Amino acid sequence: MMVASGASLAVDAPLPLKLSLNLTAERPSGTVGNDPVFFDADRLKTLDDGSIEVEGQVRARSLGKNFEADWARYIPTTDEVFARGNVVLVEGERRLESSDLHLRMSENIGEVNQARFYFTNQSGVSGRGEARKVYIDDREHYRMESTRYTTCPAGNDDWAMRTDNLNLDYVSKVGQARDVTVEYLGVPILYAPGSTSPSTRTARAAS
């Protein structure tokens, strides 16, 4: 079943809908308010407070993002979604996997816990890793706590970087890390209290 919620249109400005799960990240002209959110799930119900609860093979899509989960609740008045169970959030070439998600959809502000991430930058450089917590500040800025990441291809963990705090800026293409430990074949070989690097070097895994 499909549900569209959260959109407010200007007069005589119909919203162009698409069946594709990969909607553009740009809001259609003539629309105001929150972006539309579409749900596909085994079970759906509307609660007394107006929120929507979906369960069982949940798939949701909005402009520029898709996510999957076992269960989700969407609150139209605040444009918030809470999801749990096998959560996968995809925005372009950025993918987050977690057990839970809290996201303000249109503003793209939220957080996930115990996350695995797979990011590719505009130059095609890919990186992956894990973080105890990921804060999504907007479409272009991420903050991570207790992070391990590498630019090695899947199945190859020759080297990795561990850091307490990692900030990723897709606008400036710079990553900033604090308390950095570089490991080679699982053995620490370098420590630095802080590091700021362009995406082609230390932070290239994600920026």
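The values are calculated or read from the model by the stated rules, or taken from the named source; none is laboratory data. It should be emphasised that the depicted structure is a prediction, and the values quoted were computed from it without experimental measurement. Note: ideal-geometry Cβ built from the backbone for every residue, glycine included; neighbour counts use all protein chains shown. Quick note on the areas: whole protein, heavy atoms, side chains included, nothing else; ligands and nucleic acids left out. Shrake-Rupley method; radii C 1.70, N 1.55, O 1.52, S 1.80 Å.
Of note:
- For the stretch 89-159, the carbon plus sulfur part of the accessible surface works out to 44%, probe radius 1.4 Å.
- Note on Lys45: aspartates and glutamates with a C-alpha under 14 Å away, same-chain residues under 8 apart excluded, are Glu53, Glu55.
- Among 53-63, 130-140, the order from most to least packed when residues are scored by Cβ within 10 Å on average: 53-63, 130-140
- The order of the peptides 91-101, 177-187 by mean Cβ neighbours within 10 Å, most packed first, is 91-101, 177-187.
- Each label was represented as a point 7 Å from its Cα along the Cα-to-Cβ direction; for Lys45 and Cys152 these points are 4.8 nm apart.
- Kirkwood Rh (inverse of mean 1/r, distinct Cα pairs), the stretch 64-111, angstrom: 10.7
- Other residues lying with their Cβ under 10 Å from the Cβ of Leu185 contribute a combined charge of -3, Lys and Arg counting +1, Asp and Glu -1.
- Straight-distance candidates among the aspartates and glutamates for linking to Lys133, with alpha-carbon spacing under 12 Å and chain neighbours fewer than 8 residues away dropped: Glu97, Asp100, Glu111, Glu145, Asp164.
- Entry note, the stretch 56-169: relative contact order of 15 percent, from Cα contacts under 8 Å with a spacing of 6+ residues.
- Accessible surface calculations at 1.4 Å, restricted to protein heavy atoms, place the stretch 52-93 at 40 Å² per residue.
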